[in-house]
1. Determine, yes or no, whether residue 108 is touching a strand residue (DSSP E or B) at 6+ places or on another chain (Cβ under 6 Å), surrounded by fewer than 19 Cβ atoms within 10 Å (Cβ to Cβ) and either at pLDDT 95 or above or within 20 Å of residue 152 (Cα to Cα) (or both).
2. Just one of the numbered conditions (1) at pLDDT 95 or above; (2) outside any helix (DSSP H, G or I) is not true of residue 131; which one?
3. Could you run through region 131-143 and say how many residues are surrounded by 19 or more Cβ atoms within 10 Å (Cβ to Cβ) and either without any contact (Cβ under 8 Å) to a residue 40 or more places away in the chain or under 27 Å from residue 173 (Cβ atoms) (or both)?
């Protein structure tokens, strides 16, 4: 029987800013059966895309992507916020629905030609995914898919990356 992950995601009004409804995956993470099932769903997607490596943007992408990589026996590459990585990096800036930032990856983190799946908690405006895609491509690899726990279709993130195959466990429309 398929799990309705939507029932296990908390909706927090006005966080982190007024007018934002934060979709909290913590209830899934706290339940080992749900966390394992969500990981398995994303791992099956990544496997279907022929992934060679999993990338996760800081910080919830680590929580989502690391167990996917482990389940598949693949390496995991963190896309980190600025000044968190100790060696030479590539950098890409992005905008969020409530701010802006940038991500960095070690220059030797991904090999040219590798097939990459990005795993993260939420697809909204696609700013983080666009920056991660840029990093992957700057390193000569190919983004073959992106997997999320949650997608907010009203914010049109998927529309901004029509060339990226996107998979999400659940979608939330409206507020």
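The values are calculated or read from the model by the stated rules, or taken from the named source; none is laboratory data. Predicted model, so just to flag it, every value in this text is computed and none were measured. Note that each Cβ is placed from the backbone with ideal geometry, even for glycine, and that neighbours are counted across all protein chains shown.
1. It is false that residue 108 is touching a strand residue (DSSP E or B) at 6+ places or on another chain (Cβ under 6 Å), surrounded by fewer than 19 Cβ atoms within 10 Å (Cβ to Cβ) and either at pLDDT 95 or above or within 20 Å of residue 152 (Cα to Cα) (or both).
2. (2)
3. So the answer is 4.
One line per residue, one yes/no per condition, for (1) more than 12 Å from the chain's Cα centre (by Cα); (2) closer than 23 Å to residue 40 by Cβ:
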| position | (1), (2) |
| --- | --- |
| 74 | yes, yes |
| 86 | yes, no |
| 93 | yes, no |
| 124 | no, no |
| 135 | yes, no |
| 147 | no, yes |
| 154 | yes, no |
| 160 | yes, no |
| 167 | no, yes |
